[in-house]
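To keep things clear, I will list the structure first and then write my remarks on it.
The values are calculated or read from the model by the stated rules, or taken from the named source; none is laboratory data. In this text the structure is predicted, and so the values were computed from the model without any measurement. Methodologically, a virtual Cβ is constructed for each residue, glycine included, from the backbone with ideal geometry; neighbour enumeration extends over all protein chains shown. Side chains are part of the model used for accessible areas, which takes the heavy atoms of the whole protein and leaves out ligands, DNA and RNA. Shrake-Rupley method; radii C 1.70, N 1.55, O 1.52, S 1.80 Å.
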Amino acid sequence: MTSRSTSWLLTAALLGAGSAGAQDLGAYRALAADLDGAVTARVTSAAQALTRLDAADADLKKLAPSLQNRQLVSALQGSLERARGSLARSPAELEAQVLLARGFMRKALYDQTLTLLASTPANGTAQLRLLAGEFGLSGAATQALLDDGAAGKLPRVAWRLQREAAGKIGAALNTAQPTQSPATYLNLSRGMAWFTAVQDAPGAGDLKVSQFGDALRQLTVGDVGALGTSLTALRQGNAGFVKSLASAPSGAAVTPSTTPTVPVTVTPARTPNAAAADPTAATPSNASRPTASANARPARTDAGEVYAALGRALTAAGHGDPALAREQLGLAGTALAAAPLSLRGAQGYDALVFDLGAAQARTALRPDDVQALIATLSGLERRAAGQPVSVLDNVSADVARGFGGWLRVLVFALLAALAFVPLYLLNLAFGGRNTYWRAIASGLALLLLPVFLEGLFGLLGAIGDLTGVGALRAASNFTLTQNAYGLPLWALSAALAIGLTTFGFRGLCQQFGLLGRRSAPQQESAAAQSLDWDEDL
C-alpha cells in the first residue's frame, strides 16, 4: 500500500495537472454554501433556489482561475447547468445534482492540496483544514491530518481522507435499495459524489465512476433487476476499497474513522410510493441537507398530475395570484419528473423542463404563460405518440419564452404612455367645440383603452408581485387580457368606438358635402360648427 500510494502521489505531482498553487478558499466556501443553500431553499421556493444557483455561478467564476484541472472546471459548470434544469423537477433531483457538483469540488481540493503539500507543506495548512472539514473530519482526526500534512507525509494524508470517503460511500450504497425511488437516486448520487473525490486512489481497484453512472441510468429507466446487480457489484467493490485502507501506510497511527463502516446488508425494499413521498427518508442523516417536504407528492405514472398542476397554476394566474401559480408550477415539474419514460425521452422534454423552471422564476406571471406550457406538454405527448405537433403551439411557446415577465410589462407601459400622444395632437389640431371631432376622439380613446389598461394595471401587478403587496399584485385582474371576462368588455368598448367614430366621420362628411344634400341653413350651421377647425388650419 505504501509504495503504491507514494508512486501515485509522485505521479500526480509530476503530471500536467498544474504546478503547485493555492485555491481561492473564500470562493470555494461561498460556492459550497450557495449550492447547499439552493437545496435548502428548493423545499419551499424554486425562485429562491434559482437565486442561490445564480450566486453559485458567480462563485464558480471566482474560483475557476485558481483551479488547475480545467476538466474539473468544465464538470462543475456542467453540474450547475444541470442543477438549473432540475429546478422544475423534484427537490430530490436538484439535491442529486448538487451532490455531484460537491464531489467535483472535493476532487479539485483533494488533488490540488496534495500537490501543494508535495512542494511546500508549510503553505498547505489552510487548504488541508478546509479539506478535513469537507471530508467530515473533526477533533483528533483533523489534528492528525494536519500533523501529517505539515510533516510532508502525503501517503498518510491521502489514506486518512480516502478512508473517510470509503466509509461514506459504503453508508450510501448500503442504504440504497433496488427500487425506482428518489431515496435510491439520492443515495447513488451521494456515493458517486464521494467516490469522485478519491477515484484515483490505488486501493479503489476495479471500482469506477462509470459503475455509479450505469446504476443511475438503470434506476432512471426502471430496470430494477439490473440495478440490483449493479448495487451488489458496487458494494463488493467498495468493500475491497475499505479493506485496502485497513492498514495505515508507513506506520501511521490508526485513528478511528468518523464515518463507521456499515456492513453490507439489504433491507426489505420500500414501496415506490412511500419512497417518493419521502425522498430523503432512506438516506443517512446529514445536518446540511433539508428534510423532505411534508406535502411531497407520490410519483405518478402518467401526465395527468402535470396537467392538473398546470390547470391550478392557470387558475391562480387568472386570479392575479402569481405566487400560488409558481407554487403549482413547481408541483407540475415534480410530477413531470415522474412521467413515463416515453414522455421523458421524447424530443422537447428538456425544453419543457427549462420552460417550467423559467416560468417559476418569472415576475408578473400571466395566464398566457401557463397556457403556453400546457400547449408544450400537449405537443410533447403527441411527439411521444408519434403524432404531428401543432405549429401554432410551437409559435406560442416561442413567444412565451421571449415576450413575458418584465419585458411584456415595460412594453405595454410604454405603449400606454404613448397612447395619449395621438389624443392630445387630435385635440390640439381640431379643437374640442366640434361635436364630430369630439366623437372621433372618444372613439379613438376607446380603441386604445385595452392598451392603456394593460400598461397601467400590468405594471402595478408586476410591482405588487415583486414587492409582495397583495392589493397591487391583483391589479392585473383589471386588464382585458387577464381572463375571459375581458373579452366581452373589449367587444363592448370596440362597439362603442366604432359607433362614435362612425358618427363623427359621417358628420364631417356631411359638413364637407361628401354625403347627402343639405339645405342652406344647414350649410351655414355646419360652417359655424367647423369654424374653429378652419381657423386653426
| Going through region 446-497 one residue at a time, which ones are closer than 28 Å to P422 by Cα, hydroxyl-bearing (S, T, Y) and in a helix (DSSP H, G or I)? | S476, S493
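Okay, residues lined up against (1) outside any helix (DSSP H, G or I); (2) on the phi > 0 side of the Ramachandran plot; (3) aliphatic (A, V, I, L, M); (4) under 32 Å from the mean Cα position of the chain (by Cα):
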| site | (1), (2), (3), (4) |
| --- | --- |
| D111 | no, no, no, yes |
| L116 | no, no, yes, no |
| A122 | no, no, yes, no |
| Q162 | no, no, no, no |
| A165 | no, no, yes, yes |
| A171 | no, no, yes, yes |
| P178 | yes, no, no, yes |
| L186 | no, no, yes, yes |
| said: Among the residues that make up region 378-389, is at least one of them among the hydroxyl-bearing types (S, T, Y) and over 22 Å from A325 (Cα atoms)? | reply: no
| task | Return the residue satisfying two criteria in turn: it lies in region 352-367 and is in contact with a Lys or Arg (Cβ under 9 Å, 6 or more places away or on another chain) and open to solvent by 20 Å² or more (accessible area, probe 1.4 Å), and of such residues it is nearest to L336 (Cα to Cα). | result | F354
| Do we find a residue being at pLDDT 85 or above, out of contact with any Asp or Glu (no Cβ under 7 Å at 6 or more places or on another chain) and not charged (D, E, K, R) anywhere in region 9-27? | yes
| task | Kindly provide the set of residues from region 87-100 that are part of a helix (DSSP H, G or I) and buried (at least 24 other Cβ atoms within 10 Å of the Cβ), ordered by number. | result | L87, A88, P91, A92, E93, L94, E95, A96, Q97, V98, L99
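Tell me the residue from A75, A83, A49 that is within 24 Å of I169 (Cβ to Cβ), within 12 Å of the chain's Cα centre (by Cα), part of a helix (DSSP H, G or I) and free of Cβ contacts under 8 Å to residues at least 60 places away in the same chain, please.
Numbers: A75 fails: within 12 Å of the chain's Cα centre (by Cα); A49 fails: within 24 Å of I169 (Cβ to Cβ).
Exactly one of A75, A83, A49 is within 24 Å of I169 (Cβ to Cβ), within 12 Å of the chain's Cα centre (by Cα), part of a helix (DSSP H, G or I) and free of Cβ contacts under 8 Å to residues at least 60 places away in the same chain, namely A83.
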| Selection within region 43-84 - under 30 Å from V370 (Cα atoms), open to solvent by less than 20 Å² (accessible area, probe 1.4 Å) and in contact with a helix residue (DSSP H, G or I) (Cβ under 7 Å, 6 or more places away or on another chain) | A46, A49, L53, A56, S79, L80, A83
| Enumeration of residues in region 420-466 that are within 30 Å of the chain's Cα centre (by Cα) and either open to solvent by less than 60 Å² (accessible area, probe 1.4 Å) or modelled with pLDDT of 90 or more (or both) | E454, G455, F457, G458, L459, L460, G461, A462, I463, G464, D465
| First in region 336-351 and farther than 15 Å from R82 by Cβ, second anywhere and in a helix (DSSP H, G or I) and open to solvent by 40 Å² or more (accessible area, probe 1.4 Å), Cβ under 7 Å, 6 or more apart | L341/V221; S342/A384; L343/E381; L343/A384; A346/R383; A346/A384; Q347/R383; G348/R383
| note | Across (1) surrounded by fewer than 24 Cβ atoms within 10 Å (Cβ to Cβ); (2) over 30 Å from D54 (Cβ atoms), A126 clears everything bar (2)
| query | Has region 180-194 got at least one residue that is open to solvent by 40 Å² or more (accessible area, probe 1.4 Å) and within 19 Å of E95 (Cα to Cα)? | reply | yes
| Out of all the residues in region 393-424, which are within 30 Å of W437 (Cβ to Cβ) and not in a helix (DSSP H, G or I)? | A419
| request: Take V306 and decide whether it is β-branched (V, I, T), closer than 29 Å to V409 by Cα, open to solvent by less than 20 Å² (accessible area, probe 1.4 Å) and at pLDDT below 85. | output: no
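For (1) without any contact (Cβ under 8 Å) to a residue 24 or more places away in the chain; (2) surrounded by fewer than 16 Cβ atoms within 10 Å (Cβ to Cβ); (3) polar (S, T, N, Q), each residue gets a yes or a no:
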{"site": "R473", "(1), (2), (3)": "no, no, no"}
{"site": "Q482", "(1), (2), (3)": "no, no, yes"}
{"site": "Y485", "(1), (2), (3)": "yes, yes, no"}
{"site": "P488", "(1), (2), (3)": "yes, yes, no"}
{"site": "A494", "(1), (2), (3)": "no, yes, no"}
{"site": "A497", "(1), (2), (3)": "no, no, no"}
{"site": "G504", "(1), (2), (3)": "no, no, no"}
{"site": "L508", "(1), (2), (3)": "no, no, no"}
{"site": "F512", "(1), (2), (3)": "yes, yes, no"}
| field | Options R326, R408, R383, R366; residue that is among the charged types (D, E, K, R) and farther than 28 Å from Q482 by Cα | value | R383
| said: Can you list residue pairs whose Cβ atoms sit under 7 Å apart, with the first residue in region 424-448 being without any contact (Cβ under 8 Å) to a residue 40 or more places away in the chain and the second being of a type in the set (K, R) and part of a helix (DSSP H, G or I)? Count only pairs 6 or more apart in sequence or on different chains. | reply: G432/R438
